[in-house]
Amino acid sequence: MEGTADTPELVGSPAVEGAAADGARLPLTTPVGHRRVRDVMRDYLALTKPRIIVLLLITTVTTMFVADPSGPSLTTILWTMLGGYLAAGGAGAINHFVDRDRDARMARTCDRPLVTGRIDPRHGLMFGIGLAVASIVLLALAVNLVAAALALSGLLGYVFVYTLWLKPLTPQNIVIGGAAGAVPPLVGWAAATGGLAVDALYPFAIVFLWTPPHFWALALLVKDDYQRSGVPMLPVARGDDATRRQILVYSVVLVAFTTLPYLTGLFAWPYLAAALAFGAGFVGLAADLARRPSRAAAVRLHLASLAYLALLFAAMAADRILLG
């Protein structure tokens, strides 16, 4: 979920960046006790990282139609979306709690609610745990136990395997930990069919391979933040040149892999045409970043990667609905 994960604002305000440069926490502009209800609600919503969840839900719902081309019931889709939002939102809120000290030293995160004190960290943690519990109960009762178990595995993987263990330990954190962000398609498959099949590994693996180039493009933009906070992201540990090469390698591997579901018969030629067209654009942007390094090239690749994944999964669903 981090790559999808932790996609933040690309540029902080000058005030935010100045405060983070000194490792300082920003003062509250409004006393906590006098804040309006809607402002408090907005901060709690921010803990769930809603912009990230939109992409996760796209991969979930489109995979439901890949698994069941005739279409799951609207009720199943809505319950799955709600359960998925609660699970991802709970993981995001717990991530805010765990990372609050690191966030205070980073320009792009030093204005987060738990860092500034707009929300008490203990309340943020309890909010995250409450969302997590609600998601599992809801999915188990309204969808099925397999979907609930998979959502729980993704949540625990993001919090414990990625955030607590791998993130501060190794520059390969997003590669290994990215598996947690690839769980939503599995949840969608299980929600639509009641279980899993070998073909469910295709959407899972596509998100898994997509995560490193997507996130490393962002990491190039905020390398100083990670260096200041002591997180060994790839640009900090290996340098920008090595990161750009890895982005290109993973992009090529990803696009090559996306042809495999066609070769094994899961999808037909419309999907293949879309995968090759979208993939050519993705690899082209990665190659441009490697050849002509610039902040603008990294921004283009990072933003394009979001559209790439959404369009590719839409093509999967459309192919199965029309020809499956």
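Of note:
- Subset of the range 291-319 [touching a residue at least 40 places away in the same chain (Cβ under 8 Å), surrounded by fewer than 19 Cβ atoms within 10 Å (Cβ to Cβ) and of a type in the set (A, V, I, L, M)]: Val299, Leu306, Ala310, Ala314, Ala318
- Among the candidates Val161, Val146, Val137, residue that is in a helix (DSSP H, G or I) and at pLDDT below 95: Val161
- Whichever residue in the range 99-114 is hydrophobic (A, V, I, L, M, F, W, C) and out of contact with any Leu (no Cβ under 8 Å at 6 or more places or on another chain) and, among such residues, is surrounded by the most Cβ atoms within 10 Å (Cβ to Cβ): Met106
- Any chance Gly239 is farther than 26 Å from Val61 by Cα and more than 19 Å from the chain's Cα centre (by Cα): yes
- The set of residues from the range 191-238 being surrounded by fewer than 17 Cβ atoms within 10 Å (Cβ to Cβ), modelled with pLDDT under 95 and not in a helix (DSSP H, G or I) comprises just one member, Gly230.
- Residue in the range 152-167 that is more than 14 Å from the chain's Cα centre (by Cα) and closer than 30 Å to Arg292 by Cα present: yes
- Taking the criterion of being among the charged types (D, E, K, R), without any contact (Cβ under 8 Å) to a residue 24 or more places away in the chain and in a loop (DSSP other than H, G, I, E, B), the only residue of the range 33-92 that qualifies is Arg36.
- Any hit, the range 303-324, residues being outside any helix (DSSP H, G or I) and at pLDDT below 95: yes
- Lone qualifier among Gly128, Gly117, Gly124 - being within 30 Å of Arg35 (Cβ to Cβ), touching a residue at least 40 places away in the same chain (Cβ under 8 Å) and surrounded by fewer than 19 Cβ atoms within 10 Å (Cβ to Cβ): Gly117
- Filter pass, Leu86 being surrounded by 22 or more Cβ atoms within 10 Å (Cβ to Cβ) and touching a Ser or Thr at 6+ places or on another chain (Cβ under 6 Å): yes
- Some residue of the range 265-280 being within 18 Å of Ile174 (Cβ to Cβ) and part of a helix (DSSP H, G or I): no
- Considering only residues in the range 63-83 that are in contact with a Lys or Arg (Cβ under 9 Å, 6 or more places away or on another chain) and either among the charged types (D, E, K, R) or at pLDDT 95 or above (or both), the one that is surrounded by the fewest Cβ atoms within 10 Å (Cβ to Cβ) turns out to be Asp68.
- In this entry, Asp111 passes the filter for residues that are acidic (Asp, Glu) and not in a helix (DSSP H, G or I).
The values are calculated or read from the model by the stated rules, or taken from the named source; none is laboratory data. Quick caveat: nothing in here was measured; it's all calculated off a predicted structure. Using ideal geometry, Cβ is built from the backbone for each residue, glycine included, and neighbour counts are taken over all protein chains shown.
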